[in-house]
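This report concerns only the one structure given below.
The values are calculated or read from the model by the stated rules, or taken from the named source; none is laboratory data. What you see is a predicted model, and the numbers here were worked out from it, not measured in a lab. Note that we place each Cβ from the backbone using ideal geometry, even for glycine, and neighbour counts take in every protein chain shown. All accessible areas refer to the heavy atoms of the entire protein, side chains included, with ligands and DNA or RNA removed. Shrake-Rupley method; radii C 1.70, N 1.55, O 1.52, S 1.80 Å.
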Amino acid sequence: MSSKNRTPVVLAPNAGRAYNMGRMFASFKADGEETAGGYSISEWWLEPHTTGPGAHSHTEDDVFYVLEGTMSFLLGDEWIDAPKGSFVLAPGGMTHDFENRGPVRAGVLNFSAPGTFEQNMPQIVSWFEQHPPGDTGR
């Protein structure tokens with residue numbers, strides 16, 4: 001991936017392209033054009049006791065780094081709790097999910113490749129308008 005015809009990206013804290021899904025919020029830092037389609041970087045924040053996107057899988061790996069709180073991850077058929085500072089890799093093809101079962105807001109930095117994830121966000125936001133994130137009940 002060459003730097004030719006690309007410009008640096010510098011974002012202030014809390015900056016990025018925002019996507020509000022009720023009790024879940026995403027902020028895209030780089031995707032598509034910024035990375036020449038190579039990768040996507042976004043933050044995902046869930047309010048306390050909030051379900052995530054639901055169990056799903058896709059061909060590309062999903063990589064997470066927990067920024068705050070404790071995020072619970074479904075990896076295959078097992079849930080694990082990942083506190084601040086944890087790294088989680090869901091290999092491509094593996095069923096996975098994440099949710100915040102804790103009493104404080106939790107956030108993750110998400111990396112995915114190729115850098116085309118953000119183009120799906122309008123449909124994802126629309127889906128969550130019809131199916132808002134729920135309560136984990138835990």
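Just a few scattered comments:
- Taking the numbered list (1) open to solvent by less than 60 Å² (accessible area, probe 1.4 Å); (2) of a type in the set (Phe, Trp, Tyr); (3) modelled with pLDDT of 95 or more in turn, Phe128 passes all entries but (3).
- Restricting the stretch 76-91 to residues that are within 24 Å of Ala113 (Cβ to Cβ) and in a strand (DSSP E or B), the residue that is farthest from the chain's Cα centre (by Cα): Ile80
- Taken together, the residues in the stretch 17-33 that are part of a strand (DSSP E or B), open to solvent by 20 Å² or more (accessible area, probe 1.4 Å) and touching a residue at least 40 places away in the same chain (Cβ under 8 Å) amount to 3.
- Scan of the stretch 1-30 for residues that are within 22 Å of Glu68 (Cβ to Cβ) and either among the small types (Gly, Ala, Ser) or touching a helix residue (DSSP H, G or I) at 6+ places or on another chain (Cβ under 6 Å) (or both), ordered by number: Ala12, Ala15, Gly16, Ala18, Tyr19, Met21, Gly22, Ala26, Ser27, Phe28, Ala30
- Just one of the numbered conditions (1) touching a His at 6+ places or on another chain (Cβ under 8 Å); (2) surrounded by 14 or more Cβ atoms within 10 Å (Cβ to Cβ); (3) not in a strand (DSSP E or B) is not true of Pro53: (1).
- Of the listed requirements (1) under 24 Å from Thr95 (Cβ atoms); (2) out of contact with any Phe, Trp or Tyr (no Cβ under 6 Å at 6 or more places or on another chain); (3) modelled with pLDDT of 95 or more, Lys29 misses just one: (1).
- From Ala106, Ala36, Ala113, residue being open to solvent by less than 60 Å² (accessible area, probe 1.4 Å) and modelled with pLDDT under 95: Ala113
So that you can scan it fast, the table gives a plain yes or no per residue for (1) open to solvent by less than 70 Å² (accessible area, probe 1.4 Å); (2) of a type in the set (Gly, Ala, Ser); (3) outside any loop (DSSP other than H, G, I, E, B):
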{"position": "His58", "(1), (2), (3)": "yes, no, no"}
{"position": "Met71", "(1), (2), (3)": "yes, no, yes"}
{"position": "Leu74", "(1), (2), (3)": "yes, no, yes"}
{"position": "Gly93", "(1), (2), (3)": "yes, yes, no"}
{"position": "Asp97", "(1), (2), (3)": "yes, no, yes"}
{"position": "Gly102", "(1), (2), (3)": "yes, yes, no"}
